[in-house]
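The values are calculated or read from the model by the stated rules, or taken from the named source; none is laboratory data. The model shown is predicted, which means the values in this text are computed figures rather than measured ones. Every residue, glycine as well, gets a Cβ built from its backbone with ideal geometry; the counts of neighbours run over all protein chains shown.
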Protein chains: 6
Amino acid sequence: MQILVPGTVVMVDARVNLYKGVNQLKINEVSKIENLSEVDLSNFQRVSPLPLEDMKKKLDAYLNSFSDKDVETITRAVISHFYDKYITYPAAVKIHHEFGSGILHHSLAMADLADDVAKRYPQVDRDLLVAGALMHDIGKTIEYENPLMPAQTVEGKLCGHIAIMYAEFKKIVDELNIKSEVPVLLEHMILAHHGKLEWGSPVLPATREAWLLAQIDLIDSHMMVLDKALAPIKEGEFTPRLWVMDDVSFYKPKKR
Amino acid sequence: MQILVPGTVVMVDARVNLYKGVNQLKINEVSKIENLSEVDLSNFQRVSPLPLEDMKKKLDAYLNSFSDKDVETITRAVISHFYDKYITYPAAVKIHHEFGSGILHHSLAMADLADDVAKRYPQVDRDLLVAGALMHDIGKTIEYENPLMPAQTVEGKLCGHIAIMYAEFKKIVDELNIKSEVPVLLEHMILAHHGKLEWGSPVLPATREAWLLAQIDLIDSHMMVLDKALAPIKEGEFTPRLWVMDDVSFYKPKKR
Amino acid sequence: MQILVPGTVVMVDARVNLYKGVNQLKINEVSKIENLSEVDLSNFQRVSPLPLEDMKKKLDAYLNSFSDKDVETITRAVISHFYDKYITYPAAVKIHHEFGSGILHHSLAMADLADDVAKRYPQVDRDLLVAGALMHDIGKTIEYENPLMPAQTVEGKLCGHIAIMYAEFKKIVDELNIKSEVPVLLEHMILAHHGKLEWGSPVLPATREAWLLAQIDLIDSHMMVLDKALAPIKEGEFTPRLWVMDDVSFYKPKKR
Amino acid sequence: MQILVPGTVVMVDARVNLYKGVNQLKINEVSKIENLSEVDLSNFQRVSPLPLEDMKKKLDAYLNSFSDKDVETITRAVISHFYDKYITYPAAVKIHHEFGSGILHHSLAMADLADDVAKRYPQVDRDLLVAGALMHDIGKTIEYENPLMPAQTVEGKLCGHIAIMYAEFKKIVDELNIKSEVPVLLEHMILAHHGKLEWGSPVLPATREAWLLAQIDLIDSHMMVLDKALAPIKEGEFTPRLWVMDDVSFYKPKKR
Amino acid sequence: MQILVPGTVVMVDARVNLYKGVNQLKINEVSKIENLSEVDLSNFQRVSPLPLEDMKKKLDAYLNSFSDKDVETITRAVISHFYDKYITYPAAVKIHHEFGSGILHHSLAMADLADDVAKRYPQVDRDLLVAGALMHDIGKTIEYENPLMPAQTVEGKLCGHIAIMYAEFKKIVDELNIKSEVPVLLEHMILAHHGKLEWGSPVLPATREAWLLAQIDLIDSHMMVLDKALAPIKEGEFTPRLWVMDDVSFYKPKKR
Amino acid sequence: MQILVPGTVVMVDARVNLYKGVNQLKINEVSKIENLSEVDLSNFQRVSPLPLEDMKKKLDAYLNSFSDKDVETITRAVISHFYDKYITYPAAVKIHHEFGSGILHHSLAMADLADDVAKRYPQVDRDLLVAGALMHDIGKTIEYENPLMPAQTVEGKLCGHIAIMYAEFKKIVDELNIKSEVPVLLEHMILAHHGKLEWGSPVLPATREAWLLAQIDLIDSHMMVLDKALAPIKEGEFTPRLWVMDDVSFYKPKKR
C-alpha cells in the first residue's frame, strides 16, 4: 500500500481470527497518523531516557527563572513557536542525542551547565546563557523532515541549521519589537555556537556568553558521544578511534 | 555644533562678506541632510568611476533579462527593498570597491562575468547565477551604518553580512509565496558565496551556480585589489606583499 | 602474439569464411600502427564531444588573433612543436577531460574564458592570458606515454608536467631570441598555473595574468568534474562527496 | 649593594632622623628575606582577590571530600610536597592568573567547575576530576624561579611544566605504593591537560576525566582572560583582537 | 593449558615414540620460561640482522668514548638500569625496527650518524649527541609489555614513551647528584626528539643537539621504512603510497 | 660618476699628495671591473671561512670519486658550465651561507654528509647523492644577478631557482645523450630538494636519494643558521625566536 512508506506511523485496524486452528491477522484498515504528537513515539524509536513530562516541567521552570524580561519574552515566543517539534525531535542524525526528544534533552542539560557556570562566574549574563542553551538547536526542527527517520531536508543540507535557525529567530523576534540589545546578542550566540568557522559557524564567538555556549555545547555533546562509545567496551580496554574526539581511542578504567 | 559629527552631510547657508578688504564667510544656518540620496555623494567621497546613471540602466537591463519568472520576481523584490542603499553604498570598508556605489559597481561586474560564463557553459543556470551576482552583497547595506564613513555596525560585527542578508532575503521571499526551488537555491548561493568556511560562509557551495558565484566574486574583487596595489608601482618592479593575494608580491610588467 | 599489448592499435588483415555453415574469421596478419595520427582514435577511446576539425579551426583563429608579435611567435613555435600530441592527447588520467583531444578541448575552453575576462577588464594583457591558456597543459603530452592508455611516465611522476613543460618551453623559446619580457612572463604563468604550492606549482601567481590563468583553469576543470558527477544523479538529489570539490556533495536542482 | 637584585624581598632596618630640619632615612642594615612565606606578599605584588585563608580552607574541604582513598592519599602527598609554593605562586607569567596565589586561585575555581560537572554527569569519576583540577598546574612551582618576578627557569623553558610536573608527580606517587590504576589515570590527566598536541601536551586526552579537565581549564583561564580584556572597554564597544581567543575582538554589551 | 598464551616462551619436555609405525610426540611437561634473557629469542621472532654480540661490543665502545664525565656517568647509569630490555626489545610495534633488539640496532645506527655529524661540525657537542642517540628510545622498554608480542601497555598508551622515559631518566639522574647542565640538556633531548609537537614531543628542540637528534632519528627510521617498502618492489616501479613518507609512492630505480 | 653604482667593483688610479701638510687623494681614473673573477672578492664582501683553493681541490676530489660514469659525465658538464659563478656566488640573500663562495661551501659540506650517510647505509646510491649535493643549488647562480649585492632577478622571483636550475640542467644533459635513468633521477633530486611543496618544490621526494638530499640540505643550512644566531648570545641564555627554526628560541649551554 502506498502509505506504508518508511518514516510514517500508521494506525492498523485489524482483528485476530482463529482459522483452522491457526491465528490469522485480518486487517480492515490502515490509516496514516498525520500528527505525530498524538502518538507515543517511544513505541517506535529510541527516546530520551528522561521522562518527557519531567523534561517539560524543567523547561517551564527555566522559562520562569529569567529576571531579564526581554530574554524571557523572546525565549517564550521562540520556544512556543516550535513547541511540538522542539519537545519530540532528535538532536542529530547520528553522533550524539540521536533519539526522540533529543533536542529537548540536550538543551536542558546545557541549561543546567549554563546555570552552574553562571553561579561560579557572576560576571556571566546568566539569563542570556541559559536562553542560548535552550534555543541554540531549535533550527534542527526545520533541518530534519521526519523525527522518526531523521535526515536533513534539501534546505537543511543547502543552508544548515545555524543559518535557518537564525533567520527564523530573527523573524519571530523582529515582531516582538524589543528595544534592547538582547535580540542581537542572542542572534550572535546562535550563529557562533559551533565555536569555529570550520565547524560551520559564520562568525566566531565574540561575547563571553557566546564563547561559553560553544564550550557547554561541546561538553554536553561529547559526554553523550563518550557514553555511547564506552558502553560496549570492557573495563581496562580502549574504544576504537573516535573521529569526533580528535581521532583518539578512549580508555575505560577498571572499576575500583 | 552638535550636528557637525563625522559622517554627516550638512547644508550650510552662508554669505561671503567683504570686511576691511578681506573675504569673510558668514554662516546663517547649518542643517543636517537626513536623506543622503538627495545629494550628490561624489562631492564628499570617492565614488565608482562609472556614472551612476549608466549603472542604473545596466541594472534595469539585467532585471529585464531573466526568462525564469521566479528568479525575476525575487530579484526585483529584493533589490527594490534595498534600492536606495544598494545604489549608493560602498562594497567594503577597505580592501576592494571601498568607494561610493561600490556594491552596485561590484554586483554589475560580477553579473557581466556570470553572463559570460553562462554563455560558455550552457549547463549553467544563467538566471540564477546573474541573480546571485546582483544580490550576494546586499547584506552590506545593513552591515554598514553610514556609506560616507563605512564601518560595521555592532550587528554587522556580531552577525556578519552573510547571515544578515540571508535572513532579510528569506523574510522578503517568504512573502512572495514562490513554489519552486528558486528561493532555497538563491539562499544557498548567498550563504555559500565566500566559498570557504574559514572565510565565513556557514556552508560550502553545493550547487554549480553557488560554486561559480564564489569564483566570480573572487575574480572581480581581486582585480580591484590588484588595480589598487599596482597603481603606485613602477613598471619592472614588485608591489609589497599583498595579504589578500596569498601574501605574494605582484609584478608590474614593462610596457611593450 | 607479442604485439597485442594493451594500449596499442593494430591493423588486422582478416577474411570471413563460411565454414560448415558458420562464419569464421581467418586472420592473415596483425600489424601494429606506429603513428597514432594515422587512425581515427574515436574508434578506440572516448573523445571530445567537439569535432576535431572545429577545434583545429578555433585554434588557428586564436593563433591569428594576437596583436603582440612576441606572444604570437612563441605560441606558434611551441604549439607546432607539440602539434600532433597536442591535438590528440587527453588532459588527465582521470578527474577531468580524460578523453581523446582533452588537452585541446580544455585549452580552447580556457582561451574562451580568457578572452571574455580580458574584454571585461581592459587592464588584463589579453594576449598573454590567451597564450597561457593555450599552452599551460602542453607538458601533459610528455607526462603521459600513450594517449590511449593515459598513465604517467616515470619522468612524469618524478618531475611533474609543470616542470617538464617549463623546461621544454624554455628550450624552444631560448632559440627564438626574444628580447622582451614575454618569455619570462609566460614561463611564470606555466609554473604558477596550479595556483597553490600544495597543488604542485613551485611559485605562486605573481602577475595579474598568472593569477587569472589559475582561476580560469579551476573554473573549466571543475565544470567538467561537475558534468561528470551530476550526470548519473536524479534531479532533487545529491552526488556522493566530491573529493575534488572540497569533499562536498553537490545538489542537482529540479528542472523548472 | 649586591642583595638589592630584582625579585628579592629585603628587610630594611632604618631610622628617620631630623637633620637640619629635613627628614633623613638612615639605613642600618639591609637583609634578604630568604623564605618568602614569612612575609605578606600582597605588599609586593598583585595577589588573588580572594583571601588566602579562605582559599586554604576551601582546599582543605576538597582534600576531605574524596571518597576514593587512593585519590586522597596521592593528592594530599603531592600538595603537601609543594605546599608553600602551591599557595603563593602565580599561575602564569602573563595571559591569565598572573598574580600571587594564582595557582591556588585557578586550581580551586577549576575544582568548583569539576564538582558541578560531576554532579550533572554521574558517569564522571568526580574524585579523579577534582584531584586533577587541584594538581594539574603544580609543575609551575618548578617552572618559575621566583614568584615575585615570574619567569621560566632554563629547565622550565627546555622541559615545560607539563613534563616536569609529571616526573615529580610520578616520583612522589611511586613511593606511595598504590596498587590501583589511580596513579596512571592522574598522570594521564596531567600530561593531557593542555588538550592539544600543538599546545604542548605529549598525549591527547583519552579518558573522560582527562578530556573534561582540559575543557574546564579552558573555561576558567578564558574567563580570566576576558575579565582582564573587557575591564578597560566601554559598554557597547569591542576589545582589541585577543590573540588567546582565536584573535577575536570581544564585545562588551550595554548594561540593561 | 593455561600457560600456552600468546607471547610466552615455553620449554617442552617431550619424547618421540614410534607407535604402530607412526612417529608420535609424547609431551611430559610444559613449563613457562620466565626470564626471556635465558633463551635465544631469534628462534621465536625476527631479530636484528646484526649479531647481538657485535652490537654489545659497539655499545661498549661508545660508552668508553665519552670525554665528558657527566655524560658518561649518566649514560652508563641509565643504560645499565634498563640493560636486559634495552638489548632485546624491538623499537616499534610496526613501521620501523619492529624486530628483536630493534632499540639497540636503531640506537647504535643513530650514534654512528651522530658521530659523523659531530666530526663535520665541531660546534656540535658530540658527547651529548651520541648519548642522546643511545638513550632517546629507552622509554620503549617500559611502553611495551612483551618483546615477543610488542603492544603498548595501558601506561604506554596513556602517557607515551617520551614522558615515561623522561620521568625514569630524571629519577635515575637525580640520584647521581650531577652539578652541571648535562642532566637538563639530556632531558630536553629526550622530550624534544620527535621534533614536532604534532608528533608528541611536549617541547620543540631548542638546543643544537636536540634539533640534530630529531633529524638523525628521522633519517635512520626512514631508511628502515624505505628498506621494507622497496624490498618487494620491482626495479623501475613504484611502491604504494607510504603514509609515513608524506603519502608518497617511492620509485625503485633500475640497476645500472 | 655614473659607474659608481652599488654592487660594482671599480679600479681607482689615484695618488696621495701632501698638500699644506695634509694628505690628499688625487683620483686620476675610475674604471669598472667587468669580470669579477679577476679580483679577490674577499676584499669587498664577507667570504667563506674556508680558503677558496682548498674548496676547489675538494671539489676536484669529489668529481674524481664517482664510479658511475653517467653521474660523473653529467656532474662535470654541469659544474663546468657554471664554474666561475659556482665557486664565487653566495648561497642565499640572507638566512644561511650568505657570503662569497657560499654555494660552493654549502655544496661541499652537503657532499661530505652525503658521503658519510652513504657509508652508513650501503643501500644508498652514493654517487647520485653526492652529485645531487654538488649541483642542487647551482640555479642560484642564475637566480641572483650580482654576487656582491645578492638580490633575486625578476626571473629569479617569477620562476624560482628550483625550476630555473632544472631547465638549465636538462638543457645541458639532453646534449650528453645519456641512456640510463641517471638524468631523470638527478632532475627529480633537484626539483624535490626543498622537501615540501609548501617550500617550493613542485614534487615531493620519491626516491631514497632525493629524500636524503632534502634532509642533508636541512641539516647543513640549519647548522649555519644556528652558528649565526648563537654567536652573539651569552652562555646560559636564549636567542630571540628563530623564524627559520619553527619560531623557537635556542639555548646556548654553559661551557663545561
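Data overview
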item: Pair list, Cβ < 7 Å and 6+ apart or interchain, from the range C:242-256 residues that are at negative phi to residues that are acidic (D, E); result: C:K252/C:E235; C:K252/C:E237; C:P253/B:E181; C:P253/C:E235; C:K254/B:E181; C:K254/C:E235; C:K255/C:E235; C:R256/B:D68
item: Options E:D54, E:D40, E:D68: the member that is of a type in the set (D, E) and touching a helix residue (DSSP H, G or I) at 6+ places or on another chain (Cβ under 7 Å); result: E:D68
item: Filtered residues of the range F:102-139 (kept if within 13 Å of chain E (Cβ to nearest Cβ) and not in a helix (DSSP H, G or I)); result: F:Y121, F:P122, F:Q123, F:V124, F:D125
item: The range E:169-204, residues that are in a loop (DSSP other than H, G, I, E, B) and farther than 18 Å from E:T73 by Cβ; result: E:H193, E:H194, E:G195, E:K196, E:G200, E:S201, E:P202, E:V203, E:L204
item: Residue in the range E:200-256 that is farthest from C:G156 (Cα to Cα), counting only those that are among the hydroxyl-bearing types (S, T, Y) and away from chain D (no Cβ under 14 Å); result: E:S221
item: Members of the range A:199-237 found to be touching a helix residue (DSSP H, G or I) at 6+ places or on another chain (Cβ under 9 Å) and of a type in the set (G, A, S), listed by number; result: A:G200, A:S201, A:A206, A:A210, A:A214, A:S221, A:A229, A:G236
item: Residue identified as surrounded by fewer than 24 Cβ atoms within 10 Å (Cβ to Cβ), hydrophobic (A, V, I, L, M, F, W, C) and either farther than 20 Å from F:E235 by Cβ or in contact with a Gly (Cβ under 9 Å, 6 or more places away or on another chain) (or both) among E:L212, E:L197, E:L186; result: E:L197
item: All positions within the range A:13-51 that are in contact with a strand residue (DSSP E or B) (Cβ under 8 Å, 6 or more places away or on another chain), at pLDDT below 75 and not hydrophobic (A, V, I, L, M, F, W, C); result: A:S42, A:Q45, A:R46
item: Of the criteria (1) at the interface with chain C (Cβ under 10 Å from one of its Cβ atoms); (2) without any contact (Cβ under 8 Å) to a residue 60 or more places away in the chain; (3) more than 18 Å from C:G200 (Cα to Cα), which one F:Y166 fails; result: (3)
item: Subset of the range E:172-204 [free of Cβ contacts under 8 Å to residues at least 40 places away in the same chain and under 21 Å from the mean Cα position of the chain (by Cα)]; result: E:E187, E:H188, E:L191, E:A192, E:H194, E:G195, E:K196, E:W199, E:S201
item: Some residue of the range A:84-98 being at pLDDT 95 or above, part of a loop (DSSP other than H, G, I, E, B) and of a type in the set (S, T, N, Q); result: no
item: Which listed residue is loosely packed, with under 14 Cβ neighbours inside 10 Å and either within 20 Å of the chain's Cα centre (by Cα) or at pLDDT 95 or above (or both), from D:D220, D:D227; result: D:D227
item: Odd one out for A:H136 among (1) under 14 Å from the mean Cα position of the chain (by Cα); (2) at pLDDT 85 or above; (3) under 27 Å from A:V39 (Cβ atoms); result: (3)
item: Residue in the range A:67-81 that is basic (K, R), modelled with pLDDT of 85 or more and within 16 Å of A:E168 (Cβ to Cβ) present; result: yes
item: Any hit, the range C:140-151, residues being within 14 Å of chain F (Cβ to nearest Cβ) and within 30 Å of B:L226 (Cα to Cα); result: no
item: Members of the range F:205-222 that are in a helix (DSSP H, G or I) and without any contact (Cβ under 8 Å) to a residue 60 or more places away in the chain; result: F:W211, F:A214, F:Q215, F:L218
item: D:Q24 vs. criteria in a loop (DSSP other than H, G, I, E, B) and more than 14 Å from every other protein chain (Cβ to nearest Cβ); result: no
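Every residue, every condition in (1) hydroxyl-bearing (S, T, Y); (2) crowded, with 20+ Cβ neighbours inside 10 Å, yes or no:
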site	(1), (2)
F:M55	no, no
F:S67	yes, no
F:F82	no, yes
F:K85	no, no
F:A91	no, yes
F:L104	no, yes
F:S107	yes, yes
F:L113	no, yes
F:A118	no, no
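For every residue, the table says whether it meets (1) free of Cβ contacts under 8 Å to residues at least 40 places away in the same chain; (2) closer than 25 Å to C:D116 by Cβ; (3) of a type in the set (K, R).
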residue: C:N23; (1), (2), (3): yes, no, no
residue: C:K32; (1), (2), (3): yes, no, yes
residue: C:V39; (1), (2), (3): yes, no, no
residue: C:P51; (1), (2), (3): yes, yes, no
residue: C:F66; (1), (2), (3): no, yes, no
residue: C:K69; (1), (2), (3): yes, yes, yes
residue: C:A77; (1), (2), (3): no, no, no
residue: C:Y89; (1), (2), (3): no, no, no
